[in-house]
Structures are given as structure tokens and as C-alpha cells.
Amino acid sequence: MDESPTRYLLPPEEPVEPKKRKKSKKRKTKEEFDPDAFLETFSKPTKCPMCVIHPEEFLERRQADTQYGPWEYYKCPVQGCFVCCGADDRIHAPGEKDNVQYYLDCVQGQLHEFYYRLPLDNMKCFCERPLIMTLSRSEKNPGRLFLKCSKRWCDFFQWVNEVPWGKNRLWLKEGKMLLPLQQGNHQEFNQQQ
């Protein structure tokens, strides 16, 4: 008898694959959180907005201390430019515009050509501070843009979709105020222009 151990050859075992679960195809509702879409927002590079008045310039993100606490906003780096809006850090649904893009779209659609032709040095309020363009949130004029004093020290107010007249026009074009006697004669001034 042969003393060598007997070896039996067994057929090779086939790997057993785990059973795959079938994914149920549920329709997603608006309220349902989609983790993949959420993570995708972080993988996309953030787009820095461009100034509408100076399309070659990116808006700079800045921070100011206000009486309500710190405020982050975007401002055109060109000296005297009035394009300025609050930063919006919310995560938006696909296709939904953020506050910054909404503001810039409003500027493009509403800004009268008068302001494009006006030198930036003239874009100052009555107390000679740079003007800022603000979005109205009133019930009567929602989404309408206007110019105002950046510090709220004076009463300068002008809708941007209208050509200024009277004291605002004289101030913006020439940097002059109407004298009290002339303020009643603003119709004569407008007819001369």
C-alpha cells in the first residue's frame, strides 16, 4: 500500500454573489432631502459675480459692522461705482436664483442709460458720499431699484429706471444744489434741458 496521503480533487467552488436589492423607484417630492444634490453643490466651483456697470470687474466680497451686527456684501471695486448687494450664502434649489443674481438681473433690466453716461465722480448724494443702489422691498414697488445716500445722512432718493429731474438732475450732472428760490422753478429747468 502506498503510504502517501490520498488527495482528493474537488471541483472549484463558484463564488457566491450576494443578492442585490432592487432599488425602489420612488418619485421624489419637494420636501424630500436629496443628499447627492446637496453634496454636488459643494463640488461645483463658486461663481464670483461680475459688475453690471463694469463687466470686466468681479464684485468683491466685503464685510461691514452695522448696528445689527456684521453684514457681508458684494461691491464693485471701481471707485465710486454704486453696484452693491448683500451676500447670499443660502443653498438654493437648482434653477433658483440667489439674491445676488436677482439683484444683478434687476440692475441690467432697470438701469436707465442716463446713469451709464454719467461720470462716476458725479454719483454722489447731497452730503457728497457715494450713492448706493438698493432694491425696494415695499408692497407698492417690490424689486424696483433706487439710489440713496450710503450712510442715510441726507434725503437723496432717485429711482434708477427714471431720468432724474429738478434738484437731483442738477446735482448729478453738475454737482450743484438748487437754491431755495430756484426749487420752485424746476419746471423751467427741465424745459431748458
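A few notes on this one:
- Looking only at the stretch 48-95, residues that are over 15 Å from Met133 (Cα atoms) and in a strand (DSSP E or B) come to 13 in all.
- If you go through the stretch 62-80 and keep only what is surrounded by 12 or more Cβ atoms within 10 Å (Cβ to Cβ) and modelled with pLDDT under 90, you end up with Trp71, Gly80.
Let's see how each residue does on (1) buried (at least 18 other Cβ atoms within 10 Å of the Cβ); (2) touching a residue at least 24 places away in the same chain (Cβ under 8 Å):
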| position | (1), (2) |
| --- | --- |
| Met133 | yes, yes |
| Leu147 | yes, yes |
| Arg152 | no, no |
| Asn161 | no, yes |
| Leu170 | yes, no |
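- Contact map, the stretch 96-121: first residue over 12 Å from Val83 (Cβ atoms) and without any contact (Cβ under 8 Å) to a residue 40 or more places away in the chain, second residue part of a helix (DSSP H, G or I) and of a type in the set (A, V, I, L, M), Cβ cut-off under 6 Å, separation 6 or more or different chains; the map is empty.
- As a summary of the residue check, Ser138 satisfies the conditions (1) exposed (fewer than 13 other Cβ atoms within 10 Å of the Cβ); (2) of a type in the set (S, T, N, Q); (3) not in a loop (DSSP other than H, G, I, E, B) except for the one numbered (3).
- Of everything in the stretch 60-119 that is within 12 Å of the chain's Cα centre (by Cα) and small (Gly, Ala, Ser), the residue that is farthest from Lys173 (Cα to Cα) is Ala87.
The values are calculated or read from the model by the stated rules, or taken from the named source; none is laboratory data. In this text, all values refer to a predicted model and were calculated from it rather than measured experimentally. Counting neighbours? That spans all protein chains shown, and the Cβs are built from the backbone with ideal geometry, glycine included.
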